[in-house]
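For reference, the structure discussed in these notes is given below.
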Amino acid sequence: MSDRTPVIVGVGLSDYPKAPHLDGLGHHAQALQRALADSGLAKGELDGYAGVGMGADQAPTFTEYLGIKHHRYIDGTMTGGSSFEFHIQHAAAAIRQGLCEAVAITYGSNFLSAMGRSLGTGGFLSAGQRVAGTAQYEAPYGNTLVGSYALAARRHMHEFGTTSEQLAAIAVGVREYAGLNPSAMYRDPITVDDVVGSRLIADPLHKLDCCVVSDGGGAIIVTTAERARDLRQPPVYVLGAAGSQTHWNISQMPDFTSTAAASCGPEALAQAGIRPDEIDTLQLYDSFTITVMMLIEGLGLCPKGEGGAFVAEGNLRKGGRVPLNTDGGGLSSCHPGMRGIFLLAEATRQLRGQAGEAQVPDCSIAVACGSGGWLSCIGAVVLGKDHP
Amino acid sequence: MEVREVETWTRPTPAGDGAGAPFWAAAAEGRLLIQHCPACGWRQFYPRPICIACGADPDWEEASGRGRLHTFTVVRQNGAEPFRGQLPYVVAMIDLEEGPRMMGNVTGCEVDDVFIGMPMAAYAVKVSDDVGVVFWEPATIGS
């Protein structure tokens, strides 16, 4: 019997954090070239594709642009920044089922070069603009992307006594890793005082509670364990993948202190047969510090409401129990509109033992958990170094 | 709820279309409508032609216009007009007495005086005959 266990065999990142020489499609192409070179797989072997864009171009454009013709499997699932964790869930099932042999997942955006730093607080609407659909119930009120996460942070503080200093500890730890990544946007160390002393963007979130806006892209190649045997890199096994959703628009969030990680996290871990305390590194969507706190609580790293103490104890820091975002994360390194694919890339780098100074010792289990929309759609992926 | 006229409305404007058209038109007349499911009793906002709990056809119900502040943020940076010229301002989630929760702005007090649990009262700003937009201010005793 051929071993159809799904594995990641190739990872590529395009130039970041600022790459004015590339447009969004160019990021897809460069990242895919690098992932193919990394894997040793020939481009013609790709018979599956998954991807998503921030703009009008979506999966059928990307397959045309990249020349992934006559594919047998395509997935354009759009759940915001977590799309790529959902893509892994689907690709793993497709590989297992024999729908295809090798899936490329790609993302790319020139967000910073094209739009500046307008994503968080620039607004997507113009004065007097007529807004239809579900967005019309929020559009008149001037909420921002940062403001949406601030609504959750404020409620978390109210219910659990979480403090700005505890949230800041997340940004401080991620910045320490950014210092080890020559490509990271911001590399100088910061302190808790720096974070809480930075200007408030939307109370209680400060500037340094927010991720960067960058250019960038990534590509991931998924195939069978069988095919991986004579490829270039040690395979990284997809041990579990699950995704769920509580809302899309922030005003429909049923519980402002809880995300769908509380359901899909345990599901993905159960598939892998892993307990939360067996995770060696976390690659979590750090759009904002509060995003990380809600994801660790959902994943079961600590009980709900105790995330503040958990991060303040340094558990997520370099040398801590379960180091977080060892590439410098979205908070300090790279966040080109969507970040989910970078979580998978960094988890793979760690499990291969290729993370250099940022390498987590004895790293055999990594969890990549994306949050898309406004804490809306969560995708959790458990990756392992060893064959299950 | 009280209806207030504005001389110029420059905010993004709800289209007032689809299943929510009766909500927007009622707000322009000072009535805050939510939906109530005759089959299962679920109350919901925003309006849809389906009860999200059981799938039946929901009825309209007039809400009291009273609620409590569930959570909020003070927006201090927004590059988009007209909001840029109104900073800082409060964006809040309001729990209606009847159960559903809606987004709104809190006006009529300093941003630093807003707190979770604060009793709130709704008012409407009439944008057109078809669209009124609901805002909130601190409830005064007896209101």
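Counting Cβ atoms of other protein chains within 10 Å of each residue's Cβ and taking the mean over peptide B:4-13 gives 4.
For segment A:152-276, the C-alpha radius of gyration divided by 2.2 N^0.38 Å, with N the number of residues, is 1.38.
Taking all protein chains together, A:CYS100, A:CYS211, B:CYS40 sort by accessible area into B:CYS40, A:CYS211, A:CYS100, largest first [probe 1.4 Å]. Computed over chain A, relative contact order equals 26 percent, with contacts defined as Cα pairs under 8 Å that lie 6+ residues apart. Figure note: A:LYS207, A:LYS18 ranked by solvent-accessible area, largest first, 1.4 Å probe, ligands and nucleic acids not counted: A:LYS18, A:LYS207.
Here chain A is assigned +1 on the Cβ of each Lys and Arg and -1 on the Cβ of each Asp and Glu. Its dipole about the Cα centre then comes out at about 460 debye. Neighbouring Cβ atoms from other chains, within 10 Å of the Cβ of residues in A:248-255, number 3 on average. Which residues among segment B:25-45 fall inside the zone where the amide N is under 17 Å from a point 7 Å beyond the Cα of B:CYS54, along Cα→Cβ? Hits in segment B:25-45 for B:CYS54 at 17 Å: B:35-45.
Note on A:THR224: accessible area is roughly 0 Å² with a 1.4 Å probe, heavy atoms of protein only.
Each label was represented as a point 7 Å from its Cα along the Cα-to-Cβ direction; for A:GLN58 and A:GLU159 these points are 3.3 nm apart. Working note: Debye formula, equal point scatterers on the alpha-carbon atoms of segment A:223-372, no solvent; log10 I(q)/I(0) at q = 0.09, 0.13 Å⁻¹ is -0.28, -0.58. Computed over protein heavy atoms with a 1.4 Å probe, the carbon and sulfur contribution to the accessible area of chain A reaches 50%. Inter-chain neighbour count for B:126-139: the average number of beta-carbon atoms from partner chains within 10 Å of each residue's beta-carbon is 1.
Stokes-Einstein diffusion of segment A:156-219 at 25 °C, 0.890 mPa s viscosity, Kirkwood radius from Cα pairs, rounded to a whole number: 191 µm²/s. Distance between the pseudo-spin-label points of B:ALA26 and A:ASP230 (7 Å out from Cα toward the beta carbon): 7.0 nm.
Rounded to the nearest 10 degrees, the inclination of helix A:164-178 to the longest alpha-carbon principal axis of chain A is 40 degrees.
Heavy-atom accessible area for B:GLU97, with the other protein chains in place and a 1.4 Å probe, reaches approximately 110 Å². The interface between chain A and chain B buries about 3400 Å² of solvent-accessible area in total (1.4 Å probe, ligands and nucleic acids excluded). Extent along the principal axes, Cα only, for segment A:287-331: 26, 23, 16 Å, with the longest axis given first. Restricting attention to the protein assembly as shown, close to 75% of DSSP beta bridges with both partner residues there are antiparallel.
The Cα trace of chain A gives Rg and Dmax of 19.4, 63 Å, the first to one decimal, the second as a whole number. When the surface is traced with a 1.4 Å probe over the full set of protein chains, B:TRP60 keeps roughly 90 Å² accessible. Output the pairs from A:LYS318/A:LYS385; A:LYS207/A:LYS304; A:LYS18/A:LYS69; A:LYS69/A:LYS318 with a Cα-Cα distance over 32 Å in this structure; if there are none, say none. Result: A:LYS69/A:LYS318 exceed 32 Å. In this rough spin-label picture, where each label sits 7 Å from Cα along the Cβ direction, the A:GLU357-B:CYS109 distance is 5.0 nm. The dipole here belongs to segment B:17-138: it is taken about the Cα centre, uses +1 on the Cβ of Lys and Arg and -1 on the Cβ of Asp and Glu, and is about 280 debye. When only the Cβ of Lys, Arg, Asp and Glu is charged (+1, +1, -1, -1), the dipole of segment B:1-71 relative to its Cα centre reaches about 320 debye. Sorted on the mean count of surrounding Cβ atoms within 10 Å across their residues, most packed first, peptides A:66-73, B:107-114, A:20-27 read A:20-27, A:66-73, B:107-114. Shown here are the Rg and Dmax of the Cα trace of segment B:17-138, at 15.3, 46 Å.
Ranking A:GLY44, A:CYS369, A:ASN143 by Cα position along the charge dipole of chain A, where only Lys, Arg, Asp and Glu carry charges on their C-beta atoms, puts A:GLY44 farthest toward the positive end.
The values are calculated or read from the model by the stated rules, or taken from the named source; none is laboratory data. Treat the numbers as computed from the prediction; the structure is a model and nothing was measured. Cβ coordinates were reconstructed from backbone atoms using ideal geometry, including for glycine residues, and neighbour counts include every protein chain displayed. What goes into the accessible areas is simple: the full protein's heavy atoms, side chains included, and nothing from ligands, DNA or RNA. Shrake-Rupley method; radii C 1.70, N 1.55, O 1.52, S 1.80 Å.
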